[in-house]
Amino acid sequence: MPWRAVPTFPTALFVVLALSTLATPCSTIAAQANDSLPPSAAQHAEPGVTPLVADSIPYVPLSLHQKAELYIHRTYSLRAIIGASYAAGLAQWRHTPEEWGSGISGYARRDAAAYGGGIVRRTAEFGLSALLHEDPRLERSTRNGFFPRTADVLRNSVTVRTDAGGRRLAWSRAAAALATGFAVNSWVPRRMHSTHHALMLSLAGFLSYGSAAFTQEFTPDVRRYIYRELHIDDEHRTDTPR
């Protein structure tokens, strides 16, 4: 089925899921690395590890050097490459866009497009977060219960911490998603070129922060469930109950 200019919600949802693979691997490993840390220790964790932020704990911003390290980790790590390859595999399976054909050459073009989109988004987000003094990390909730934590996921997707410790709309994420949408729109086949298509890709890219935050938030719970079902001893577990 050929790719169209994302005119329907189901198609837009698929784009969200596909683009979210660029963000999810790094977010997931960050959450896993931080499970055994108390919030106070997580505040001082190295870049690439997402903080557990509570209102009673002083906020520690990232330095420019730390933001650069986080950017490199998210953009050029093996997990970023695997995430782009996975997104390319989905596009290859759906044969979209059809002009790129099938086989190794078709997959290579889709993989390059997916990884290139990730580079554009992460580079724009890094530059703007540094310029606007925004913290690029996704936060995990400090509350209990599915609905309160989901509400925090939504809040932490559309807002960010500032270096001063406040919170505001995530302008760096929005601008990065917009830049990525128009960049990707420029290198897809000509029949797909349109402002509407670029804007829909931008929206999907921004919403992918939500899917990444949701995955980061609840992956430890899924892992605990698997441990419990497999009867893995506590001494082999790296997470703590919530």
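The values are calculated or read from the model by the stated rules, or taken from the named source; none is laboratory data. Since the structure is predicted, the reported quantities are computational estimates derived from the model, not experimental observations. Virtual Cβ from ideal backbone geometry, glycine too; neighbours counted across all protein chains shown.
Residue pairs whose Cβ atoms lie under 6 Å apart, sitting 6 or more positions apart in sequence or on different chains, and linking a residue in region 111-124 that is more than 16 Å from residue 177 (Cβ to Cβ) to a partner that is among the polar types (S, T, N, Q), are 111/85. Within region 217-242, being modelled with pLDDT of 90 or more and either outside any helix (DSSP H, G or I) or touching a strand residue (DSSP E or B) at 6+ places or on another chain (Cβ under 8 Å) (or both) holds for one residue alone: 217.
Checked against the criteria, residue 84 counts as touching a Leu at 6+ places or on another chain (Cβ under 7 Å), of a type outside the set (Val, Ile, Thr), modelled with pLDDT under 95 and outside any strand (DSSP E or B).
Inside region 175-202, residues that are in contact (Cβ under 8 Å) with a residue 24 or more places away in the chain and surrounded by fewer than 18 Cβ atoms within 10 Å (Cβ to Cβ) make up a count of 5. Of the residues making up region 164-174, those that are surrounded by fewer than 20 Cβ atoms within 10 Å (Cβ to Cβ) and either at pLDDT 95 or above or not in a loop (DSSP other than H, G, I, E, B) (or both) are 167, 168, 169, 171, 174. Hey, could you check region 144-159 for residues that are touching a Phe, Trp or Tyr at 6+ places or on another chain (Cβ under 8 Å) and more than 13 Å from residue 205 (Cα to Cα) and say which is surrounded by the fewest Cβ atoms within 10 Å (Cβ to Cβ)? Among residues in region 144-159 that are touching a Phe, Trp or Tyr at 6+ places or on another chain (Cβ under 8 Å) and more than 13 Å from residue 205 (Cα to Cα), the one surrounded by the fewest Cβ atoms within 10 Å (Cβ to Cβ) is 150. For region 131-157, a residue qualifies if it is assigned to a helix (DSSP H, G or I), more than 24 Å from residue 81 (Cα to Cα) and of a type outside the set (Phe, Trp, Tyr), and the qualifying residues are 131, 132, 148, 149, 150, 151, 152, 153, 154, 155, 156. Being part of a helix (DSSP H, G or I), of a type in the set (A, V, I, L, M), within 20 Å of residue 123 (Cβ to Cβ) and modelled with pLDDT of 95 or more holds for only one residue in 212, 177, 204, and it is 177.
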